[in-house]
Amino acid sequence: MRFGYAAITWEGAVRQAIDEIAAVGFRAIQLRIEAFAQFGDDPQELRDLLERRRLTFAVLSSGNLSIDPAREREQLATHVRHAQFVRDAGGTYLQVIDERPKGRAITAEDYRRLGRLMAELGRRTQDLGIPLVYHHHMNSTGEKPHEVQAVLDAADARHVRLLFDVAHYQQGGGDPAAGLRTYRDWIDVVHLKDVRAGGAGGAGRAGGSGRSGGSGVARTYEFVELGRGRVDLPAVFAALRDIAFDKWAIVELDRVPDAGPGRTPKQSAEDNKKYLADHGFSL
């Protein structure tokens, strides 16, 4: 298992995130769409910066994928353009989160349409050498465990891979360790994070790691550093060992919880690194 860290905690400060994630000692990074906004015209600049910091560009969070038929052509073009950027910047995976339809119940056709659309997108990104990973997420069509299953049932594992997020799966009502075993043949990336009840918004909002659509209203949960929430992380690590997971495990924290004087994204990254070290993992 190879560990990386997500730049989401730094919001739009992409260069600072790169510098500090490397300084903490992580060897890979997941970037968000801000990286495309800042380096899209010169992906080689990003590639060179990451090489100087000895960071692998593991994943780009490409944003939302809408199942609105009227937006299909635009959506495919947008995410393919992001995949081209990932390729040119030396990255590996493109991540998408879907937009849960608002104001109505989810139907079986919604799952089928999402699965088919991701398969088509995955075929196109695969042609560029960039695999597509689906990030199930709160406030997305794949929010609850049975919904994740329904989406994957409609997708094609040859063209759509899974980014399994242990905290979102927990918050959606699932057992992350059991989910890792269930989807072992689908998973290419894991998000390691923790979640607790309460919170004053921010990390508990619908934004998450890919701006999954939502109102920004505070939720009844908050993502926190590893070991501070209710995810049974020792059971997660045992499941990862059982399935012989040897791909990217990205530690992610949407924002610094309990923010106060001196609490920074870098300090949260250091806390997460210490948790991993205390449980026998080195970066």
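The values are calculated or read from the model by the stated rules, or taken from the named source; none is laboratory data. Just so it is clear, the model here is predicted, and its values are computed rather than measured. Please note: Cβ atoms are built from the backbone with ideal geometry, for glycine as well, and neighbour counts cover all protein chains shown.
Here is how the numbers come out for the structure above:
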| read-out | value |
| --- | --- |
| In the range 68-105, residue nearest to His168 (Cα to Cα) [restricted to those that are surrounded by fewer than 16 Cβ atoms within 10 Å (Cβ to Cβ) and among the aliphatic types (A, V, I, L, M)] | Ala105 |
| Test: Glu99 is in contact (Cβ under 8 Å) with a residue 60 or more places away in the chain and touching a Gly at 6+ places or on another chain (Cβ under 6 Å) | yes |
| The one condition in (1) of a type outside the set (Lys, Arg); (2) under 18 Å from Leu31 (Cα atoms); (3) at pLDDT below 95 that Pro257 fails to fulfil | (2) |
| When residues of the range 247-283 are limited to those that are of a type in the set (A, V, I, L, M, F, W, C) and part of a helix (DSSP H, G or I), the one surrounded by the fewest Cβ atoms within 10 Å (Cβ to Cβ) | Ala277 |
| Enumeration of residues in the range 56-67 that are buried (at least 23 other Cβ atoms within 10 Å of the Cβ) and either of a type in the set (Gly, Ala, Ser) or free of Cβ contacts under 8 Å to residues at least 40 places away in the same chain (or both) | Phe57, Ala58, Leu60, Ser61, Ser62 |
| Qualifying residue in the range 233-242 (condition: more than 19 Å from the chain's Cα centre (by Cα), outside any helix (DSSP H, G or I) and among the small types (Gly, Ala, Ser)) | no |
| Matching option when the condition is of a type in the set (Gly, Ala, Ser), touching a residue at least 12 places away in the same chain (Cβ under 8 Å) and touching a Lys or Arg at 6+ places or on another chain (Cβ under 6 Å), among Gly142, Gly90, Gly115 | Gly90 |
